[in-house]
Amino acid sequence: MREKKKASKSSSSTSPCLLLRDAYHNCFNRWYAEKFMKGHWDKQDCVSEWQSYRACLSQHLEDKHLIRFLEAEHNVQDGAVASQ
């Protein structure tokens with residue numbers, strides 16, 4: 001009999017940014033529960049985690065030559081805002 005393979009995690013689990021994503025999500029969830037929901041929050045919470053995660057994603061997309069799609073989307077959004 002064949003052994004069934006365990007269900008693999010999503011493709012994001014192989015992301016080079018996984019640890020940074022987890023750090024940001026943990027920080028955000030903690031901020032949301034402990035501060036935002038109680039009416040106390042600081043805009044600077046989790047900024048360093050977000051910046052690290054975003055930089056990693058940008059680099060990863062650039063390495064895969066996919067960054068141009070985000071830049072194109074950004075230009076489309078800017079054009080939509082400008083035309084309103």
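Descriptive notes on the structure:
- Filtering region 26-59 to residues that are surrounded by 12 or more Cβ atoms within 10 Å (Cβ to Cβ) and among the small types (Gly, Ala, Ser) leaves Ser48, Ser52, Ala55, Ser58.
- Residue pairs meeting the criteria (Cβ under 8 Å; at least 6 apart or on separate chains; first under 24 Å from Asp45 (Cα atoms), in region 1-29; second of a type in the set (S, T, N, Q) and modelled with pLDDT under 50): Leu18/Ser12; Arg21/Ser12
The values are calculated or read from the model by the stated rules, or taken from the named source; none is laboratory data. Small disclaimer: the values here were computed from a predicted structure and weren't measured. So basically every Cβ, Gly included, is an ideal-geometry build from the backbone, and we count neighbours across all protein chains shown.
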